[in-house]
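Notes for the one structure printed next.
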Amino acid sequence: MARDQTDMTPIETREELVAWFEAGSKPRSQFRIGTEHEKFVFTLEDHRPVPYAGPRGIRALLQGMQHLLGWEPIIEKGNIIGLFDVTGGGAISLEPGGQFELSGAPLETVHQTCSELMAHLAQVKEIAGPLGIGFLGLGMTPTWSLAEIPQMPKGRYRIMTQYMPKVGNHGLDMMYRTCTVQTNLDYRDEADMVKKLRVALALQPVATAMFANSPFTEGRPNGFLSFRSEIWRDTDPDRSGMLPWAFEPGMGFERYVDYALDVPMYFLKRGENYIDVAGQSFRDLMQGRLPGMPGEHATISDWANHVSTIFPEVRLKRYLEMRGADGGPWRRLPALPAYWAGILYDDDALDAAWDLVRPWSAQERQQLRDAVPKLGFAAVIAGRDVLDLAKATMALAEQGLRRRRRLDRAGSDETCYLQPIQEYISRGVTPAEELLAKFDSEWNRSVAPVFNEYAY
């Protein structure tokens, strides 16, 4: 989760909200790839959650990273809660339970994404090692209960923690017990955004299956391959899901604005203070009629922050954010931007993907979304199982990356980053099924070995 915005320019009309999204449009030459990944922080000694405070806590980890990198600290109420690169690079932030996130810089190639990732992991390990801290690449914490996990000192998370149980059964699990890898991609104009959004929404369950990596809860199999994805099905229906209306005639920036305006707010940020307005309407804020804050009007910051609290399977900001994948070991992380860039940044691949998903109905897409967390590659839509769709779309991604022809110094294109996921597809098993097989055999029905085998 990136830094909260601080642009206090007033916003008064719906048209200004539409223009804010439109301003994200870029010529193809300026298309970039941004990758965000979260990881669990644990004590090497006994595989426990790491508290914020203390000589071996997350605050000490962030302070060490600040000294190492020279990045600017993000401070809230005297607590360091993140770091950012003032030269326009990445940022480091904390998720609610201390999950450590790298929000990568917008980069031109997946090669650069991989280099950024490897540099980041080397840096955090250099600081974390002496603190006795390790990092785990999984979609859900395999052992910890909610009660065991510390809360990070961030105002927005305090408000969300109070609100979540009112709107779903798994919101706190989402906040405190899950990790994801996401990729952010650009659009040329409104029509390009709509096409990419539709293809990405329809195929998000396929990505969920390919990266499914959260089969354990509190030391036991939970009955799902991606329990992280299942959690999102019962978190907050107002702000999550498959956006069926995005496939209807008339879809565009205006339609997304109207959707976002209908999503209840979480907070307002004024200075360093987060003001709890959970459940209230952004429309009322624009008109100066927010209960308890009469005369307070919306700003660009308020809109950017509000848009960042909406969690559909694909999120529109001033770019498109793919949100369907579980976190995983470092080798698999560059596969996600490679897959989506191969499909969405190549016109032929994008057309072929649209031809593939266009016949699916909203009901079929939803049924696929509902089935994948448990069934993975065995889920079916329109007579095709997800394994078949994974093979077909992976081939499109590979072709798209070859045509992109972004070469590293050794002359290799970006298709090499697909390989870790292609290995699972060729075997017909998800990463979660591999974990479950290890649990039943060499791990002797214990999840403890995961802290060694899946640590960064």
> By counting other Cβ atoms within 10 Å of each Cβ, how are Cys416, Cys179 ranked from fewest to most?
Replying inline: Cys416, Cys179
> Between Arg403 and Thr6, what is the label-to-label distance in nm when each label sits 7 Å out along the Cα-to-Cβ direction?
Replying inline: 4.4
> Under DSSP H, which helices of the chain have Cα atoms covering 27 Å or more of the helix axis and a Kyte-Doolittle average no less than 0.5?
Replying inline: 190-210
> Suppose R0 equals 25 Å; then what is the FRET efficiency for Val86 and Ser29 from their Cβ-Cβ distance, rounded to the nearest 0.05?
Replying inline: 0.50
>> Could you give the length gained by full extension between Arg14 and Glu434, i.e. 0.36 nm per residue of separation minus their alpha carbon distance, to one decimal place?
In response: 146.3 nm
> Any idea how far apart Trp443 and Gln162 come out in nm if each label point goes 7 Å out from Cα toward Cβ?
Replying inline: 3.8
> Could you give the length gained on full extension between Glu248 and Arg220, defined as 0.36 nm per residue of separation minus the Cα-Cα distance, in nm?
Replying inline: 5.9 nm
> If the chain between Lys391 and Arg270 were fully stretched, how many nm would it gain, using 0.36 nm times the residue separation less the Cα-Cα distance?
Replying inline: 38.7 nm
> Out of residues 5 or more away from Gly82 or on other chains, whose amide H comes under 5 Å of its own, with H placed 1.01 Å from N in the peptide plane?
Replying inline: Ile74
> Can you pull the percent of Cα pairs in the chain with separation above 42 Å?
Replying inline: 10
>> Run the helix sum for the chain: -39,500 (n - 2.57) per DSSP H stretch of 4+ residues, divided by residue count, reported at 222 nm to the nearest 500 deg cm²/dmol.
In response: -12500 deg cm²/dmol
> Under 27 Å from the Cα of Lys317, which lysines turn up, not counting those fewer than eight places away in the same chain?
Replying inline: Lys26, Lys39, Lys154, Lys166, Lys195, Lys196, Lys269
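Relative contact order for region 14-453: what is it in percent, counting Cα pairs under 8 Å that are at least 6 residues apart?
Computed over region 14-453, the figure is 20 percent.
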> Separation of region 387-448 and region 10-48 by C-alpha centroid, Å?
Replying inline: 25
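Read-outs: derived from the displayed coordinates by stated rules, not from any lab. Quick caveat, the model's predicted, so the values are computed rather than measured. FYI the Cβ positions are ideal-geometry reconstructions off the backbone, even for glycines, and counts take in every protein chain you see.
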